[in-house]
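Once you've had a glance at the structure underneath, I'll fire off some questions.
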Amino acid sequence: MRLIWVGKTKNEHLRALVDEYVKRIERFARCEIVHVREGTRGANEREVLASEERHLLGAVGADARMVLLDVEGRSWSSHDLAKYVEEWQVRGAKDLAFVVGGHYGVSEAVRQRANQSWSLSRLTLTHEMARVVVVEQLYRAFTIIRGLPYQK
């Protein structure tokens, strides 16, 4: 499983939370964070999206099942996510990538590449906060799948 996002998590407290949940996830599955370069500062939105598109699509890879974190995506419950993760495991998905875009979101090409789009909330979250929610929910999904008490 790869967590791919634009830029690094600068807030040390949020970065510590991400690292903690990644460690917990690794009890169940290999988990890697891939930071891709942010688009050039001072460039217009289209140029930034084009630059980030190349980096994101390169990091995802051709054979990966890609889940895009997107405000326009479908809302999932924790149990929905657990069901999807378990399905992907049973079907032998070797490469699973969760993608969080940058300040402008993602390009249409990245949107089209996604196998599924997942909306964390109708609320506006910072990208760094969204990263924490993603890893916490993935950890929760694994505990649900294994019947462990964390989700209760």
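Does ARG27 satisfy being in a loop (DSSP other than H, G, I, E, B), under 19 Å from VAL134 (Cβ atoms) and modelled with pLDDT of 95 or more?
So ARG27 fits the description; yes.
Select from segment 121-137 the residues that are crowded, with 16+ Cβ neighbours inside 10 Å and either in contact with a Lys or Arg (Cβ under 6 Å, 6 or more places away or on another chain) or of a type in the set (D, E, K, R) (or both) and write down the one among them that is nearest to TYR84 (Cα to Cα).
Top of the filtered list is GLU136.
In the set ARG140, ARG37, ARG113, which member is of a type outside the set (A, V, I, L, M, F, W, C) and either open to solvent by 70 Å² or more (accessible area, probe 1.4 Å) or within 18 Å of THR9 (Cβ to Cβ) (or both)?
None of the other options fit; the residue is ARG37.
I've got another one for you. Check VAL99, VAL71 and return the single one that is crowded, with 16+ Cβ neighbours inside 10 Å and touching a residue at least 12 places away in the same chain (Cβ under 8 Å).
Answer to the check: VAL99.
The values are calculated or read from the model by the stated rules, or taken from the named source; none is laboratory data. The structure displayed is predicted, hence computed values, not measured ones. Backbone-built Cβ (ideal geometry, glycine too); neighbour counts: all protein chains shown. Each accessible area value is taken on the protein alone, full model and side chains, heavy atoms only, with ligands, DNA and RNA left out. Shrake-Rupley method; radii C 1.70, N 1.55, O 1.52, S 1.80 Å.
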